[in-house]
Amino acid sequence: MSVWSHRHVLDLAAFSRADFAIVMELAHRFRSMPVTGARKLPALQGRLVATLFFEPSTRTRSSFELAAKRLSADVQSFSPSSSSLNKGESLLDTARTYVAMGADVLVIRHRCTDVPAQLAAELDEAGERTVVLNGGDGQHSHPSQGLLDLYTIANYFHRNHPQPNALQGKRIVIVGDVLHSRVARSNLWALSACGADVVLCGPPSLVPEAFSTFLEAPPPGQDLDPVHQRGKVQISRSLDECLSSADAVMTLRLQKERMTNHLLTDLDRYHRDYGLTHERLLRCSFSGPVLHPGPVNRGVEMSGALLDDRSICLVEDQVRNGIPIRMALLYLMAASEPVAESSRISASS
Ligand code: CP
């Protein structure tokens, strides 16, 4: 048996398979509970969750806020454009201000890698009880997105009991702008921990060969890998070849705002080589699910028709699953009482 041991959630590289099982199990229970209106769960009553997003977001921020409200927490959101950052206040002092107001959880998104980790270290050093949840930092990590993607794929293969074992031996293709993607990195840690093999597909400018060794060293900041045996990672330049043997495919947004070196000049050609369409899936005899973390560039990463086809494309499921996954994270990090009808949160390791 295994129990939850993470004070902050900064990176899925630190998660064991049992950690993934705990989050998935709890999210599955939250998903099946009626938690709107007067039937909100009381687990985080009296707690304050602050969402500090220094980069734009639609899904992550809104679903963290909904998740917190469904657990009866107070929620305070922060808008950089109308904040005292504009008067020269530092990020750390901004965060300390929310801690002083009694925040139990800070959900932080920032364009720079490791900002959430640095803040967590400062809070630990200061002896604060506030915990930090990474809402996406630079190109490094987006743990809640990796968890909801994992849950959505597992739920596709094992609808009644989405658990890590549902991913064992599966072949998952991630196609597109892997270079700039914190989602791809979090998915690599999550999928491989659950025994899936991951094929990264795209042109060399967006999927450098160096990614083939991404999982080889112990995860950053750790002496040992918490996962005994991970799935493998491979690189491919041919989407058609990948799809012909894949169980699921996730395509990533081209992050034009992070492309400083004109890595892609011809979007029509990119769509021809790496875009997902009904025609391509049919030609490659691919019958699995299609995922995208959003936001989508319609007609670039995938056709509008495929994005709107709910029989194949799980984008809306991903968004929906984001709420129970984030409820599970907030609950595990901030609740003092066990969730109703459970005396303890545990899972088989
Ligand atoms: N997937 C994701 O992080 O979306 P947002 O930027 O809208 O939060």
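What the table shows:
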read-out	value
Single residue of the range 80-122 satisfying the filter (exposed (fewer than 15 other Cβ atoms within 10 Å of the Cβ) and of a type in the set (A, V, I, L, M)) that is nearest to VAL49 (Cα to Cα)	MET101
Which numbered condition VAL249 misses (of (1) part of a loop (DSSP other than H, G, I, E, B); (2) more than 16 Å from the ligand (Cβ to nearest atom); (3) crowded, with 16+ Cβ neighbours inside 10 Å)	(1)
Test for GLY195: is it under 18 Å from the mean Cα position of the chain (by Cα) and either farther than 21 Å from PHE15 by Cα or of a type outside the set (A, V, I, L, M) (or both)	yes
Helices (runs of 4 or more DSSP H) within the range 99-215 that include 3 or more residues within 16 Å of the ligand (Cβ to nearest atom) and closer than 15 Å to LEU252 by Cβ	143-157, 182-193
Which listed residue, of SER212, SER205, SER186, is crowded, with 23+ Cβ neighbours inside 10 Å and among the hydroxyl-bearing types (Ser, Thr, Tyr)	SER186
Candidate set: the range 153-172, residues that are in contact with a strand residue (DSSP E or B) (Cβ under 7 Å, 6 or more places away or on another chain) and either surrounded by 24 or more Cβ atoms within 10 Å (Cβ to Cβ) or modelled with pLDDT under 95 (or both); chosen: the one farthest from ASN321 (Cα to Cα)	ILE172
Residue check, SER84 away from the ligand (no atom under 16 Å from the Cβ), modelled with pLDDT under 95 and assigned by TED's automatic domain parsing to the domain that holds LEU329	yes
Which listed residue, of GLY288, GLY294, GLY322, is within 16 Å of the ligand (Cβ to nearest atom) and in a loop (DSSP other than H, G, I, E, B)	GLY294
Single condition LEU329 does not satisfy, out of (1) farther than 25 Å from LEU215 by Cβ; (2) of a type outside the set (Val, Ile, Thr); (3) in a helix (DSSP H, G or I)	(1)
Single residue of the range 56-68 satisfying the filter (surrounded by 17 or more Cβ atoms within 10 Å (Cβ to Cβ) and under 18 Å from ALA95 (Cα atoms)) that is farthest from the ligand (Cβ to nearest atom)	GLU65
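The values are calculated or read from the model by the stated rules, or taken from the named source; none is laboratory data. Since the structure is predicted, the reported quantities are computational estimates derived from the model, not experimental observations. Every residue, glycine as well, gets a Cβ built from its backbone with ideal geometry; the counts of neighbours run over all protein chains shown.
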